[in-house]
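Novice: Input: one structure, supplied below.
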């Protein structure tokens, strides 16, 4: 009698510790996740990162950026966004839970290696002012096929987009001459993310309250990066048999031609601690019409998907 070899999986959560708002990316031919260290705001003063060659085994890189290297950050560092450009790694982040008249907002730090250490590139926030009612938090930087970078950001139920300068250290006017364009879809709360697939722009965001069980992810599809973004529906939400509070996600491409994974945080069943959030991964799939299928949360996670050596 023969037995099929059991394929090991990543398991969920992916790594130990309270981590939220995970940004997943492929950098230097490895998978990386940069999450928020989920704690009280006054303790949320650094970022850890995690790397993997196959989505299953993860290595921790502690304190890739700390408030010691950001002169204006005093509390509440969260929601990192990572990308590589011209051999440098840019780590965008939110700090200080800024309100009108306060110092804080969206910053950017730079390193020559994905594992850091990162240092503040500007000595001040990149975006501090509150425009269109959007708190400057939860930034995601998207590279379009023409090489142009756009940033989507915003809390308090409003989302703005801006056009990034080539050095990624400032914003420049959009085609119509404005600096900030509001692109808020129906039910938007925070956590924007953009994915381009098959010539279509998939804009995603989080709905509900981040501290509660109803946190979730919804999406829209557009023909342009500027929208309009008409809400289609939820793709990730609580499952009473698995976890609650599933939201603030990112998407990373696997080794296959049309292989995608959603990386997100969720709350363990029965755990009501405000900051008790863990980072998980599951498959993200599309139907024949190009719509996103509802995500099935699992405890197993995903099978290995080693990236091809370049």
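Novice: From the list 230, 309, 283, exactly one residue is over 20 Å from the mean Cα position of the chain (by Cα) and closer than 28 Å to residue 29 by Cα. Which is it? I'd like the intermediate steps shown before the answer.
Specialist: On the way: 230 fails: closer than 28 Å to residue 29 by Cα; 283 fails: over 20 Å from the mean Cα position of the chain (by Cα).
Among 230, 309, 283, only 309 is over 20 Å from the mean Cα position of the chain (by Cα) and closer than 28 Å to residue 29 by Cα.
Novice: Return the only residue of 165, 175 being modelled with pLDDT under 95, over 22 Å from residue 78 (Cβ atoms) and either within 20 Å of the chain's Cα centre (by Cα) or surrounded by fewer than 23 Cβ atoms within 10 Å (Cβ to Cβ) (or both).
Specialist: Values: 165 fails: modelled with pLDDT under 95.
Answer to the check: 175.
Novice: From the list 95, 109, 121, 76, which one is more than 24 Å from residue 196 (Cα to Cα) and touching a helix residue (DSSP H, G or I) at 6+ places or on another chain (Cβ under 6 Å)?
Specialist: Working: 95 fails: touching a helix residue (DSSP H, G or I) at 6+ places or on another chain (Cβ under 6 Å); 109 fails: touching a helix residue (DSSP H, G or I) at 6+ places or on another chain (Cβ under 6 Å); 121 fails: touching a helix residue (DSSP H, G or I) at 6+ places or on another chain (Cβ under 6 Å).
Every option except 76 fails the conditions.
Novice: Also: State all residues of segment 42-72 that are closer than 22 Å to residue 210 by Cβ and within 19 Å of the chain's Cα centre (by Cα); if no residue qualifies, say none. Steps first, answer last, please.
Specialist: Initially, segment 42-72 is screened for residues closer than 22 Å to residue 210 by Cβ, giving 42-50, 65, 67.
Answer for segment 42-72, where residues must be closer than 22 Å to residue 210 by Cβ and within 19 Å of the chain's Cα centre (by Cα): 44, 45, 46, 47, 48, 49, 50, 65.
Novice: Also: With surrounded by 15 or more Cβ atoms within 10 Å (Cβ to Cβ), closer than 14 Å to residue 171 by Cα and touching a residue at least 40 places away in the same chain (Cβ under 8 Å) as the only criterion, which of 137, 106 stands out? Quick ask: steps written out before the conclusion?
Specialist: On the way: 137 fails: closer than 14 Å to residue 171 by Cα.
Just one listed residue meets the conditions, 106.
Novice: Looking only at strands (runs of 3 or more DSSP E) that lie completely in segment 195-285, which have at least 3 residues being under 17 Å from residue 34 (Cα atoms) and either touching a strand residue (DSSP E or B) at 6+ places or on another chain (Cβ under 7 Å) or in contact (Cβ under 8 Å) with a residue 60 or more places away in the chain (or both)? Steps first, please.
Specialist: Values: elements: 200-207, 216-222, 231-236, 243-253, 260-268, 278-284.
Ranges flagged: 243-253, 260-268, 278-284.
Novice: Need the failing condition index for residue 240 against (1) more than 20 Å from the chain's Cα centre (by Cα); (2) over 29 Å from residue 146 (Cα atoms); (3) surrounded by 13 or more Cβ atoms within 10 Å (Cβ to Cβ), just the number.
Specialist: Of (1) more than 20 Å from the chain's Cα centre (by Cα); (2) over 29 Å from residue 146 (Cα atoms); (3) surrounded by 13 or more Cβ atoms within 10 Å (Cβ to Cβ), only one is false for residue 240: (3).
Novice: Same structure again: Scan segment 47-91 residue by residue and report those that are in contact with a strand residue (DSSP E or B) (Cβ under 8 Å, 6 or more places away or on another chain) and free of Cβ contacts under 8 Å to residues at least 12 places away in the same chain.
Specialist: Within segment 47-91, just 59 meets the criteria.
Novice: Tell me which residues, restricted to segment 160-188, are over 30 Å from residue 207 (Cβ atoms) and not in a loop (DSSP other than H, G, I, E, B).
Specialist: At the first step, the residues of segment 160-188 found to be over 30 Å from residue 207 (Cβ atoms) are 165-167, 169-170, 172-173, 177.
Within segment 160-188, 172 is the sole residue that qualifies.
Novice: Write out, first by first residue and then by second, each pair whose Cβ atoms fall under 8 Å of each other, whose residues are 6+ apart or on separate chains, and whose first residue, in segment 9-21, is over 22 Å from residue 138 (Cα atoms) while the second is at pLDDT below 95 and crowded, with 20+ Cβ neighbours inside 10 Å.
Specialist: Once the first residue is over 22 Å from residue 138 (Cα atoms) and sits in segment 9-21, no partner that is at pLDDT below 95 and crowded, with 20+ Cβ neighbours inside 10 Å comes close enough.
Novice: Then there is this: All but one of (1) surrounded by 21 or more Cβ atoms within 10 Å (Cβ to Cβ); (2) out of contact with any helix residue (DSSP H, G or I) (no Cβ under 8 Å at 6 or more places or on another chain); (3) not in a strand (DSSP E or B) hold for residue 21; state the number of the condition that does not hold.
Specialist: Status for residue 21: all satisfied but (3).
Novice: For residue 156, which of the numbered conditions (1) surrounded by fewer than 19 Cβ atoms within 10 Å (Cβ to Cβ); (2) within 19 Å of the chain's Cα centre (by Cα); (3) farther than 15 Å from residue 137 by Cα fails to hold?
Specialist: Result: residue 156 fails condition (3) only.
Novice: Something else about it: Within segment 120-141, how many residues are more than 21 Å from the chain's Cα centre (by Cα) and either closer than 19 Å to residue 69 by Cα or part of a strand (DSSP E or B) (or both)?
Specialist: Final tally of qualifying residues: 4.
Novice: Which residues, counting only those in segment 142-159, are touching a strand residue (DSSP E or B) at 6+ places or on another chain (Cβ under 6 Å), part of a loop (DSSP other than H, G, I, E, B) and either touching a residue at least 40 places away in the same chain (Cβ under 8 Å) or farther than 25 Å from residue 248 by Cβ (or both)?
Specialist: 159
Novice: Looking only at segment 292-306, which residues are surrounded by fewer than 19 Cβ atoms within 10 Å (Cβ to Cβ) and either assigned to a strand (DSSP E or B) or out of contact with any strand residue (DSSP E or B) (no Cβ under 7 Å at 6 or more places or on another chain) (or both)?
Specialist: 299, 300, 303, 304, 306
The values are calculated or read from the model by the stated rules, or taken from the named source; none is laboratory data. Quick caveat, the model's predicted, so the values are computed rather than measured. Positions of Cβ are generated from backbone atoms using ideal geometry, with glycine treated the same way; all protein chains shown enter the neighbour counts.
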